[in-house]
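Reading through the structure tokens given below for one structure.
The values are calculated or read from the model by the stated rules, or taken from the named source; none is laboratory data. Small disclaimer: the values here were computed from a predicted structure and weren't measured. Cβ atoms come from the backbone with ideal geometry, glycine included; neighbour counts cover every protein chain shown.
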Amino acid sequence: MDLGSIVEIDLEITSHCNLHCPQCPRFDNLGHLSPYLTLGHLDLASVRRHIDLARLPNLNRVILEGDHGDALAHPDLIGFLEHFASVPVITIVTNGSMRLPRWWQRLAQIPNVQVTFSIDGLEDTNALYRINARWSRIMDNVKAFIASGGHATWKMLVFQHNQHQVDQVRALADSMGFRDMRIEYTNRSWSHGDVYPVYVAGNYMHNIRISDKSPPAQPASGSYALTRLDKNFVVPTCAWRRHGKIYINYLGHVLPCCMTSSRSWAPDISGQLWRRITGDVHDLDINHHCLHDILAKDFFQHRLQESLADPGQVHHVCVSNCS
């Protein structure tokens, strides 16, 4: 992998968030913040110093989205937008309940910025998953952004408790001036069954249930299908690499994809991936190395693909997410 092959960079710029969504990797099953998660922000100065846009000729999209935080919680968010001002599209993915309408009005004036608002239903259902979200604040911010010319997408995760509202959400999004609508029937964290008990700081809140209207799961296919770990298994190509994508988490770790992010800092599982196929995740740290040098390291040049070809070495996160 080299700089010329990169078409998209996904940046997790913070691990701070104002919500308490169940199934978020920030929390354990009882709703306690992970003791291994450090609350912090991606260093803007390091990004400016070590990501040279002149050496990324095919970069056409930057996505500010995180597994552990909301981009709007970063105090230097505008600085990131300024650094990537030459990139055709910057997409911010957010729950939409932070900042004030006048800030959103100013954001709408930045021509290459698009915003995906993660709103899972209507006023009576959104906060069942987006715990602590204020509906009135979200609506005020959305209206201010769209009225000022902002490009907005509504993304809705569908559960049993909001599946009856899909058509209403589509109608509301259309009436408010959203450019796009994304409906996703979530399959996250349902391996234990179709009911997920929601806890906040150890206190039981309610259950969420998988939608019974979910479309049937489609088997993986193509060059990165991985169906079984035996001598006949299909040798995959990393899906993100195949599409010219890389992920940088809030610690500055340059990673193959978002699914590997927690594997770079959680001590109980990090060794399963990093010590086995790269030696030290700090070799992939944008705070200390430029992006060109990181991508030239043996991990991205050889070891990642070699690990996918070895049933004894391939990481379970690759199997579970790209099989």
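Below are the figures for this structure:
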quantity	calculated
Conditions (1) modelled with pLDDT of 95 or more; (2) farther than 29 Å from ILE119 by Cβ: number failed by ASP2	(1)
Selection count, the range 121-146, where residues are of a type outside the set (D, E, K, R), in a helix (DSSP H, G or I) and in contact with a Phe, Trp or Tyr (Cβ under 9 Å, 6 or more places away or on another chain)	10
Count of the range 283-293 residues which are crowded, with 16+ Cβ neighbours inside 10 Å and within 21 Å of the chain's Cα centre (by Cα)	4
Some residue of the range 22-38 being at pLDDT below 95, assigned to a loop (DSSP other than H, G, I, E, B) and within 18 Å of GLU8 (Cβ to Cβ)	no
Single residue of ASP124, ASP70, ASP120 found to be at pLDDT 95 or above, closer than 26 Å to VAL198 by Cβ and in contact with a Cys (Cβ under 6 Å, 6 or more places away or on another chain)	ASP70
Residue in the range 5-18 that is over 16 Å from TYR250 (Cα atoms) and among the aliphatic types (A, V, I, L, M) present	yes
Some residue of the range 53-65 being surrounded by 15 or more Cβ atoms within 10 Å (Cβ to Cβ), farther than 18 Å from GLU8 by Cβ, free of Cβ contacts under 8 Å to residues at least 60 places away in the same chain and not basic (Lys, Arg)	no
Residues (in contact with a helix residue (DSSP H, G or I) (Cβ under 9 Å, 6 or more places away or on another chain) and not β-branched (Val, Ile, Thr)) located in the range 281-297	ASP283, LEU284, ASP285, ASN287, HIS288, HIS289, CYS290, LEU291, HIS292, ASP293, LEU295, LYS297
Among residues of the range 281-314, those that are assigned to a loop (DSSP other than H, G, I, E, B), under 27 Å from VAL47 (Cβ atoms) and either modelled with pLDDT under 70 or touching a Ser or Thr at 6+ places or on another chain (Cβ under 9 Å) (or both), counted	4
Near pairs, Cβ below 6 angstrom, 6+ apart or cross-chain, from the range 160-188 (more than 30 Å from CYS322 (Cβ to Cβ)) to any residue that is modelled with pLDDT of 95 or more and not aliphatic (A, V, I, L, M)	GLN165/GLY121; ALA173/TRP154; PHE178/TRP154
GLY177 being loosely packed, with under 14 Cβ neighbours inside 10 Å, at pLDDT 95 or above and not polar (S, T, N, Q)	no
Number of the condition not met by ALA45 [criteria: (1) part of a loop (DSSP other than H, G, I, E, B); (2) more than 24 Å from PHE117 (Cα to Cα)]	(1)
Any hit, the range 83-92, residues being crowded, with 18+ Cβ neighbours inside 10 Å and part of a loop (DSSP other than H, G, I, E, B)	yes
Members of the range 102-133 found to be farther than 20 Å from ILE90 by Cβ, in contact (Cβ under 8 Å) with a residue 12 or more places away in the chain, of a type outside the set (A, V, I, L, M, F, W, C) and surrounded by fewer than 16 Cβ atoms within 10 Å (Cβ to Cβ), listed by number	ARG102, GLU123, ASN132
Those residues of the range 43-67 which are touching a Pro at 6+ places or on another chain (Cβ under 6 Å) and not acidic (Asp, Glu), in sequence order	ASN60
